[in-house]
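Chemist: Pasting a structure below so you can have a look.
Since every read-out is calculated from the coordinates, none of them should be taken as a lab result. Keep in mind that what you see is a predicted model, and the values were worked out from it rather than measured. With ideal geometry, Cβ positions are generated from the backbone for all residues, glycine too; neighbour counts draw on all protein chains shown.
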Amino acid sequence: MTNWDRFLDSFFNLRVAAEYLPKIIEGFWLTILLAGCIILAGIAAGLALAVVRSFAIRPLNWLIIFLVDLFRALPPLVIIALLYFGLPAAGLSLSGFAAAWLSLSLVLMAFTEEIFWAGITAVPKGQWEAARSTGLRFFQTLTLVVLPQALRMTIPPLTNRTIAITKGTALASVVAVPDILGAAQAGVSFSFNPTPLTLGAIAYVVLFFPVVILGRWVETRFAWKR
Amino acid sequence: MTAATPIVQAPIVQARGIHKHFGALHVLKGVDLVVAERELVFVIGPSGSGKSTLLRCLNRLEDPSGGSITVDGIDMLDRGTDINKARQRIGMVFQSFNLYPHMTALGNVALALRKVLGLDRPAAEARARAALERVHLADRAGHYPGQLSGGQQQRVAIARAIALEPRVMLFDEPTSALDPELVGGVLAAMRELRESGMTMVVVSHEMGFAKAAADRVIFMDDGRILEQGPPAAIFGNPQHERTRAFIGQIERH
Ligand SMILES: Nc1ncnc2c1ncn2[C@@H]1O[C@H](COP(=O)(O)OP(=O)(O)OP(=O)(O)O)[C@@H](O)[C@H]1O
Ligand SMILES: [Mg+2]
């Protein structure tokens, strides 16, 4: 066996590939499900926090800023480990999926809150004044006049952050979630052959290539408008 | 037969002893401003003298530190006053137009009609269209602010304010952000508004317009009203040295 054959046998072993492909495909869908849940929860929570922050209630804002800084400072893996391995000690156990979802949602929430907040504050003060001078209430002004403009500005950074965080779903494999990476690693330990990892890498490329290209398109699309 | 008693109209705007502090900065130092129905009051004065702040106190975009303000009989500083309701009666036009960039001209005008007055969309749009017609921009209803000239944007802003049928209109330097060739259209719209009987308070340095249309000119200096009177008197024969100097300055432009 030449080195080349050994290499092919290790990383592109067709027999192993055929055996573990179904598991990887299951992991593929699980990764998409996890990513989808994180995006929904993270962005919704981030937007909600930014809206609450605009009410300018001092103690509440300190709390929001503290939470945001905390979850931006902590490595996501540490949060996952804390929730998955730490919470059971407090009598509350989460599944690996729930722990990964909650952790990454909190991190995405923290980053998107900052992005939305920056967008809200970037809307000129005159927009608030014009709207309020016609009798619109604070919340009406926020939702009808300010947020639509703020959201438009936030689309490019939001897209980038979302892509980054969904790649973090691979961390779920650490807490026994059979996502793409989890399924691939399981395959490796059963078959004693790294080919499932090759499949996993391909699955990630298939999943994220379109997303990255979409992100690039979004960025140019919204770059020179207004 | 008794002689017909004249109907004594209470003034639309009554502001008394208005003070405004920004931290240590004392910006308004006891300003009295009473505006009668159908009156057009012009406010001039050097930069920083408090003209904008005074206007913004009238509709409570700023909270005065002291004094009293009633507009159309409503006590603007009373805690019990629904300020959003009161603001429907006070239209405001800003130097920088402040149109909503994500809405068409029609959408800009219709927004408060729907969300403040509670009109349904067809009714709001019909009324918005009528307001745009009054500023001769009915044909631009579907345009976004970015597709309009500065002068057109300002006229849409005027339409947005008058659509609510306010009792008084406040203008804060409505033409100072405009290229000279676009000023005329905005002044014409204001002129028509005046002729329709609107009560107006205008901060502006358009002397020609003041001479032709104002009932009264107020000169503000350092947070106080230094002198006021008919345009001919203020521009032709100012009593104070500061007024003279200021008018000389703007006339040279
Ligand atoms: N929100 C604010 N916070 C602090 N200071 C302010 C604020 N708004 C206005 N000022 C100050 O109040 C003073 C009066 O301002 P104002 O805008 O009323 O003047 P103005 O007469 O309208 O001047 P201009 O002709 O330049 O528009 C200025 O010194 C200004 O810096
Ligand atoms: Mg001003």
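Chemist: Please name whichever of B:GLN152, A:ASN3, B:ASN84 sits farthest to the positive end of the charge dipole of the protein assembly as shown, dipole taken about the Cα centre and charges placed at Cβ: Lys and Arg +1, Asp and Glu -1.
Modeler: B:ASN84
Chemist: Follow-up. Compute the separation of the alpha-carbon centres of the range A:21-49 and the range B:192-253 and state it in Å as a whole number.
Modeler: 65
Chemist: Ok, one more. From the C-alpha coordinates alone, can you work out the Kirkwood hydrodynamic radius of the range B:77-177, in Å?
Modeler: Numbers: mean 1/r = 0.0733 Å⁻¹.
Kirkwood hydrodynamic radius for the range B:77-177: 13.6 Å.
Chemist: Enumerate the calculated ³J(HN,Hα) couplings along the range A:50-61 in order (Karplus 6.51 cos²θ - 1.76 cosθ + 1.60, θ = phi - 60°), each rounded to whole Hz, writing x wherever the residue is Gly or Pro.
Modeler: 5, 5, 4, 4, 6, 5, 6, 9, 2, x, 5, 5
Chemist: List the pair-distance distribution P(r) of chain B, using every Cα-Cα distance, as the percent of pairs falling in each 5 Å bin from 0 up to the bin containing the longest distance, rounded to whole percents.
Modeler: 1, 6, 13, 16, 18, 16, 13, 9, 4, 2, 1, 0, 0
Chemist: Over chain B, what is the relative contact order in percent, taking alpha-carbon pairs closer than 8 angstrom and at least six residues apart?
Modeler: Numbers: 454 pairs, mean separation 62.5, N = 253.
Computed over chain B, the figure is 25 percent.
Chemist: Need one value for B:180-189: mean number of C-beta atoms belonging to other chains within 10 Å of its residues' C-beta atoms. Write down the numbers at each step before the final one.
Modeler: Numbers: counts 0, 0, 0, 0, 0, 0, 0, 0, 0, 0.
For peptide B:180-189, the averaged partner shielding equals 0.
Chemist: What's the center-to-center distance, using Cα atoms, between the range B:133-181 and the range A:182-226 in Å?
Modeler: The range B:133-181 and the range A:182-226 have Cα centres spaced 51 Å from each other.
Chemist: Kirkwood hydrodynamic radius of the protein assembly as shown from all distinct Cα pairs, in Å? Don't skip to the end; give the middle numbers.
Modeler: On the way: mean 1/r = 0.0371 Å⁻¹.
Roughly 26.9 Å, rounded to one decimal.
Chemist: Counting only the backbone N, which residues of the range A:186-225 are under 11 Å from the spot 7 Å out from the Cα of A:PHE12 toward its beta-carbon?
Modeler: Within reach of a label on A:PHE12: no residues.
Chemist: FRET efficiency for A:GLU19 and B:ALA126, Cβ-Cβ distance as r, R0 = 45 Å, nearest 0.05?
Modeler: Details: r = 70 Å, r/R0 = 1.55.
Computed FRET efficiency for A:GLU19 and B:ALA126: 0.05.
Chemist: Write down Rg/Rh for the range A:1-113, rounded to two decimals, with Rg from the C-alpha atoms and Rh from the Kirkwood relation over Cα pairs. Let's see the in-between values first.
Modeler: Details: Rg = 20.5 Å, Rh = 16.9 Å.
My calculation puts Rg/Rh at 1.21.
Chemist: Sort A:124-135, A:148-159, B:102-113, A:90-101 for me by packing, meaning the mean count of neighbouring Cβ atoms within 10 Å per residue, highest on top.
Modeler: On the way: A:124-135: 20.3, A:148-159: 18.7, B:102-113: 23.9, A:90-101: 16.6.
Order by mean packing, descending: B:102-113, A:124-135, A:148-159, A:90-101.
Chemist: Sort B:42-55, A:45-58 for me by packing, meaning the mean count of neighbouring Cβ atoms within 10 Å per residue, highest on top. Could the numbers behind the result be given before it?
Modeler: On the way: B:42-55: 21.3, A:45-58: 16.9.
Averaged packing, sorted descending, gives the order B:42-55, A:45-58.
Chemist: Want the number for A:ALA44 to A:VAL78: 0.36 nm per residue separation, take away the alpha-carbon distance, what's left?
Modeler: On the way: separation 34, 0.36 × 34 = 12.24 nm, distance 2.29 nm.
Contour length minus the Cα-Cα distance gives 9.9 nm.
Chemist: For the pair A:TRP29/B:ASP75, report the inter-label distance in nm, with labels modelled 7 Å from Cα in the Cβ direction.
Modeler: According to this spin-label approximation, the distance is 6.8 nm.
Chemist: Compute the distance in nm between two label points, each set 7 Å from the Cα along the Cα-to-Cβ direction, one at B:SER176 and one at A:ALA176.
Modeler: 7.0
Chemist: Based on the Kirkwood radius over alpha-carbon pairs, what value in µm²/s does the Stokes-Einstein equation return for the translational diffusion coefficient of the range B:208-253 at 25 °C and 0.890 mPa s? Mind showing how you got there, number by number?
Modeler: Details: Rh = 10.7 Å.
Rounded to a whole number, D works out at 229 µm²/s.
Chemist: For A:PHE138 paired with A:GLU219, estimate the spin-label separation in nm (one decimal), with each label point 7 Å from Cα along the Cα-to-Cβ line.
Modeler: Modelled inter-label distance: 3.7 nm.
Chemist: May I pose another question? Provide the FRET efficiency to the nearest 0.05 for the A:ASN61-B:VAL34 pair, computing r from the beta carbons and using R0 = 35 Å. Please report the intermediate quantities before stating the final value.
Modeler: Working: r = 41 Å, r/R0 = 1.18.
Computed FRET efficiency for A:ASN61 and B:VAL34: 0.25.
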